[in-house]
Amino acid sequence: MRWLLALCAAWLVSAAALAGQQDSDPFTRVARAYLVEIDGNLLWHKHADHKMAPASLTKMMTALLAAETLGADSVVEVDAAAARETGSTLGLRRGERWTSKDLLAATLMASANDACRALADQVGADQTGFVLRMNRRARHMGLRNTHFGNACGHDAPDHYSSAADLRVIAHALMQNPLLAELVAQPQAQISSVKGERNYIFGNKNALIGRYEGALGIKTGTTPKAGKCLVVQARRGSHMVLLVLLAGKDRWWDATDILDIAFARANAPR
């Protein structure tokens, strides 16, 4: 029976790889939009340029700007707006002081909106100023289907991106050593500057520590965006990047797609 299962699995991988050679969209039902990149080359995609709600994948841009501006050791004081943030939060309190590295960990790993907003307000004086920076950076990066309306990824009419644009942001994030280190961690412990508050949290990216070679990067979920994911993984000499927007079963689908992509990368040419 095992040999039969192995044979079936090998056939499915071969069929999917063949489909990829003939069709840019071999995974038609996994998400409303997606793309798969192997070693920097776009291989499979669906609606990759469509403007869609990015949910907390937005935080990749927020973290990138905050890391570039503040570094790892800057002290950030939580303002009232950050303490009032809704959705996924740690429960940060107004007046608390944290290092930027700890807030970046909470932003990227726990997807904490209060940590994200604290960073944004520190860099931009308030969210309005920070969003201007986000959109300016998006233009400089050539992101034609992206416009940010807030720093954390809340659904809004003027807040959208595309799988192709998020691919560019993901690459920029992974070129930052601090951010690349954080998104690869399965768990983190952070402490306020005075040590009075401590948090331990896991990485919301369920592939970290569970999928061989997974390096990050970010998850996101809102009512409008659905289930979103950007994941990068390395096996041997090959790197695969997957972006899913409005996915159906993102963890199982991502695992299957990554496996097929690596099989394709390692197939004889």
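Observations
- In the range 55-63 there is no residue matching the filter, namely being under 23 Å from the mean Cα position of the chain (by Cα) and at pLDDT below 95.
- All conditions but one from (1) within 19 Å of K224 (Cβ to Cβ); (2) open to solvent by less than 20 Å² (accessible area, probe 1.4 Å); (3) in contact with a helix residue (DSSP H, G or I) (Cβ under 7 Å, 6 or more places away or on another chain) apply to H147; the one that does not is (2).
- Selection from the range 29-50 of residues that are open to solvent by 70 Å² or more (accessible area, probe 1.4 Å), outside any strand (DSSP E or B) and farther than 16 Å from L258 by Cα: H47, D49, H50
- Within the range 170-183, not a single residue is of a type outside the set (S, T, Y), open to solvent by 30 Å² or more (accessible area, probe 1.4 Å) and under 15 Å from S111 (Cα atoms).
- Exactly one residue out of G91, G142, G153 is of a type in the set (G, A, S), in contact (Cβ under 8 Å) with a residue 12 or more places away in the chain and over 26 Å from T221 (Cβ atoms): that is G142.
- Residues within the range 207-246 that are part of a loop (DSSP other than H, G, I, E, B), closer than 17 Å to L182 by Cβ and open to solvent by 20 Å² or more (accessible area, probe 1.4 Å), tallied: 1
- Scope the range 247-269; condition among the aliphatic types (A, V, I, L, M) and surrounded by fewer than 22 Cβ atoms within 10 Å (Cβ to Cβ); matching residues: A263, A265, A267
- When K194, K204 are checked against the criterion of being open to solvent by 10 Å² or more (accessible area, probe 1.4 Å), in contact with a Ser or Thr (Cβ under 6 Å, 6 or more places away or on another chain) and in contact (Cβ under 8 Å) with a residue 40 or more places away in the chain, K204 stands alone in meeting it.
The values are calculated or read from the model by the stated rules, or taken from the named source; none is laboratory data. Please read these numbers as outputs of a predicted model, since none were measured by experiment. Please note: Cβ atoms are built from the backbone with ideal geometry, for glycine as well, and neighbour counts cover all protein chains shown. For the accessible areas, the whole protein counts, side chains as well, though only heavy atoms, and no ligand, DNA or RNA atoms are used. Shrake-Rupley method; radii C 1.70, N 1.55, O 1.52, S 1.80 Å.
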